[in-house]
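Encoded as structure tokens, the structure appears first; notes follow it.
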Amino acid sequence: MITGYVQNAKPKEALKMFEMMRDAGVRTDEVALVGGISACAQLVAEKHAQWICDIADKEGLSPVTNVVVGSAFIDMYSKCGRVEEAYRVFESMKVKNVFSYSSMIVGFAMHGKADAAMKLFYEMVETETKPNRVTFVGVLTACSHAGMVQQGQFYYSISDSLLI
């Protein structure tokens, strides 16, 4: 239900459902947490996000140890304009995957931090984490916003050979 509300641009209803679930004593799982975090991103509701982070920690699903929850927090903080906080979450994660890297690269790109996005892309490739289409959207957005036309053309030309 929470995810359904989020996917239909009803973040307030999603958070109400999340709260009702908690009040009813239903254990919060990864899916509910990600739905709640996504609702916070749509509402730019960082205080609610902190509440959800506290719940995640109590349930053993901390963004530090759970890559799915961590990636959702990276996305949420980036959408709330807190790219530094998003990067703090990214750096604290014990395990990173294509989704956490892509979320952070897109976050940097959205906020005009092309150098940071490109540095992270290189790190991603060095760690042998295969990029996906979202990764390349972030890389190309970063290049576009920074006027890096030649680099953008290069990354576009190699994207098919590097994709998952």
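Set side by side, the residues S144, S157 differ, and just one is among the polar types (S, T, N, Q) and surrounded by fewer than 13 Cβ atoms within 10 Å (Cβ to Cβ), which is S157. Among residues that are in contact with a Phe, Trp or Tyr (Cβ under 9 Å, 6 or more places away or on another chain) and either within 30 Å of T28 (Cβ to Cβ) or assigned to a helix (DSSP H, G or I) (or both), Y155 is included.
From the list Y101, Y87, Y122, the one residue that fits, being buried (at least 21 other Cβ atoms within 10 Å of the Cβ) and of a type in the set (F, W, Y), is Y101. Confirm whether E46 is farther than 23 Å from G81 by Cα, surrounded by 14 or more Cβ atoms within 10 Å (Cβ to Cβ) and not hydroxyl-bearing (S, T, Y). Here the answer is no, as E46 does not meet what is asked.
Residue count for the stretch 1-50, restricted to those that are within 20 Å of K79 (Cβ to Cβ), outside any helix (DSSP H, G or I) and either touching a helix residue (DSSP H, G or I) at 6+ places or on another chain (Cβ under 8 Å) or in contact (Cβ under 8 Å) with a residue 12 or more places away in the chain (or both): 3. Scanning the stretch 73-95 for residues that are assigned to a loop (DSSP other than H, G, I, E, B) and touching a Gly at 6+ places or on another chain (Cβ under 8 Å) yields a single hit, M93.
Is it fair to say Y122 is part of a helix (DSSP H, G or I) and either in contact (Cβ under 8 Å) with a residue 12 or more places away in the chain or in contact with a His (Cβ under 8 Å, 6 or more places away or on another chain) (or both)? Taking the combined requirement at face value, the residue does not satisfy it. When V149, V139, V125 are checked against the criterion of being of a type outside the set (S, T, Y) and under 27 Å from S38 (Cβ atoms), V139 stands alone in meeting it.
FYI, it's all coordinate maths here, none of it is from the lab. Please read these numbers as outputs of a predicted model, since none were measured by experiment. Using ideal geometry, Cβ is built from the backbone for each residue, glycine included, and neighbour counts are taken over all protein chains shown.
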